[in-house]
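The values are calculated or read from the model by the stated rules, or taken from the named source; none is laboratory data. All values derive from a computational prediction rather than experimental measurement. Reconstructed Cβ throughout: ideal geometry from the backbone, glycine too, with neighbour counts over all protein chains shown.
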Amino acid sequence: MKMTAAQAMVEIMCKEGIRTAFGIPGAAINPVYKYMENAPVEHFTMRHEEACVHAADGYQRAKHEIALAICSAGPGATNFVTGLYTAFIDSMPVLCVVGQANTNQLKQEPFQCVDMPSIAKTVTKKAWCVMKAEDLPAIMNEAFFLMREGRPGPVLIEFPLDVQKAEFDFDIDSYVPREISVVTPDIEKIKQAVKMIGESKSPAIIMGGGCIISECTDQVVEFAEMLQIPVITTYQAKGGIPEGHPLNAGHVGIQVGQPIGNRVFLDSDLILGIGNRFSDRHTGDLKTYCEGRKFIHINIEPGQIGMVFAPDLSIVADAKLATEALIAESKSAGLKSINPDRAAELPALRAELARKTDYDCAPLMPHRVFHEINAAFDDETYFTAGCGITQIWGGQLQTINKARKYLPSGGAGTLGYEIPAAFGAKVANPDCNSVTVVGDFGLTFMGEEIAVASAFKKPLIVVVVNNAYLGLIRQNQKGYGFEYAVEMPYNQDGTIDYVKLGEAYGCVAERVFSPEELQAALVRAKASTVASGRCYLIDALCAKTQLCDMGDSIVNIKSWAPEE
């Protein structure tokens, strides 16, 4: 049957499982919007194109389901790039569709015409320009396959206006989504891994973000319990093992790392990394990180293994299949608890090394903000984090007990990700609280998307850690012996009023100064969002110059927290 390519795209998206779209219509993409109007796809009109991708990204992280980000051509399309990079580095599949000028104009520099596939090729698994209507089904088929296959990631399809309107023969019943191949582990290597673990005296497991993506956190914990091995989580895997689990050994790292994680890691002679990347802010100084221990690295992407350093054993496999194989082989080999005395000491060690958060001062210590957030919200709450000193405190201090509840921009560290991603998470699971903890500077990146959440009655709770500084940049500058262009006193002195900003975007908003005021505000926020459907913004005035614990090596983490 004859149909336009625009109609075919919408029908294919629906058949592939797209149920939610975050977009901004425009002249160069309106033929697609014509068919979206009556499609079984819930569409949310965003206020910035970058936010479309972040919202689809947050939706994917929360629901494990691909969403569509869609916009027009030119500057709208280029605004997708930061969102694409954020999703790409954190392995999040997002379908991105952008409009384009007519094909006969592409080399004439017409209005709002830019070569998006060339721009986006380094931050997508693949990017296409559909030059003929007949090519669309094959491109869409490959796009959905690539998003889901191996290490997941975003794709981009540029869709010229004349191609959208062109008719061709297409029957949706003839379209068949591609099956995803399963990356199974080499059993001989699994046996070798089990042998290495059995020969070690103090092994540790690193649970990476790939375990969240593969949905195997329970299996990793089962394996750890079977052999009584401490579990260290990367920042992307926060929540993969409950905070109070006896084998939870926290995070390792030079920024969002925790004292317990760094201590356990340094005391280990063998590291089993599952679905992780060994990124620089996790490892810090590589000599310190690697010296004195062996490494087994499991990753679905062959290029990730050996990228940072060569492990002693590499296993290319899906994290879930590899973990299940490790469990089966350990049982077959009769492997027992490796070091039960060490495991038994973990809870007490975790309590001993925990950072202090219950400061009573006003303005608030940032640590106290997270102390109150931990107390106020249940385990079903979604949290998003972007970048900066507030993100680092969140990684260090927030208590997260379930996978897919802490949704940070990890590899990119994107200011502006927080609010639209929180909106995406709220759309994915509207019955759960969706909270973003953001700095006063970070709030101004994509803060307009609060208005979207208000308009669609998908209320967010926004907690502003207002320290009137570019806090992390100031801390970095101190290392060079100077401070310049980082102070923002107007964010606290009333010149810039975040309460009025929140109210303008449809929030109930208030400013707090003390722990008691923050406690009460969080209670009001939870009740108000349920009762009114409106967002709630809390501007928490914090100590201006408080630094965060960090260092260049996991043996050299400087604590800046005041002693009390």
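A few points about this structure:
- The residues listed here are Ile473, Ile450; of these, the one that is surrounded by 24 or more Cβ atoms within 10 Å (Cβ to Cβ) and either outside any loop (DSSP other than H, G, I, E, B) or on the phi > 0 side of the Ramachandran plot (or both) is Ile450.
- Ala561 fulfils the conditions (1) surrounded by 14 or more Cβ atoms within 10 Å (Cβ to Cβ); (2) outside any loop (DSSP other than H, G, I, E, B) except for a single criterion, (2).
- Subset of region 217-244 (residues that are over 24 Å from Asn556 (Cβ atoms) and in contact with a Pro (Cβ under 9 Å, 6 or more places away or on another chain)): Val221, Ala224, Glu225, Leu227, Gln228, Ile229, Gly244
- Qualifying residue in region 529-544 (condition: surrounded by fewer than 20 Cβ atoms within 10 Å (Cβ to Cβ) and within 16 Å of Val438 (Cα to Cα)): yes
- Selected residue (only one of His48, His54, His64 is in contact (Cβ under 8 Å) with a residue 12 or more places away in the chain, of a type outside the set (D, E, K, R) and closer than 16 Å to Val123 by Cβ): His54
- Residues (assigned to a strand (DSSP E or B) and over 21 Å from Phe88 (Cβ atoms)) located in region 389-412: none
- Condition check for Val98: touching a strand residue (DSSP E or B) at 6+ places or on another chain (Cβ under 9 Å), outside any helix (DSSP H, G or I) and at pLDDT 95 or above: yes
- The single residue among Ala28, Ala6 that is assigned to a loop (DSSP other than H, G, I, E, B), touching a helix residue (DSSP H, G or I) at 6+ places or on another chain (Cβ under 8 Å) and under 22 Å from Cys113 (Cα atoms) turns out to be Ala28.
- Looking only at residues of region 278-314 that are among the β-branched types (Val, Ile, Thr) and closer than 19 Å to Pro152 by Cβ, we find that the one that is surrounded by the fewest Cβ atoms within 10 Å (Cβ to Cβ) is Ile305.
- Residue that is nearest to Asp269 (Cα to Cα), among those in region 284-301 that are touching a Gly at 6+ places or on another chain (Cβ under 8 Å) and of a type in the set (Val, Ile, Thr): Ile296
- Any hit, region 39-49, residues being within 19 Å of the chain's Cα centre (by Cα), aromatic (Phe, Trp, Tyr) and farther than 21 Å from Val176 by Cα: no
- Wholly within region 112-211, strands (runs of 3 or more DSSP E) carrying at least 1 residues that are surrounded by fewer than 17 Cβ atoms within 10 Å (Cβ to Cβ) and either on the phi < 0 side of the Ramachandran plot or in contact (Cβ under 8 Å) with a residue 24 or more places away in the chain (or both): 167-169
- Unmet requirement for Asp341, which otherwise passes all of (1) closer than 25 Å to Glu222 by Cα; (2) in a helix (DSSP H, G or I); (3) in contact (Cβ under 8 Å) with a residue 40 or more places away in the chain; (4) not polar (S, T, N, Q): (3)
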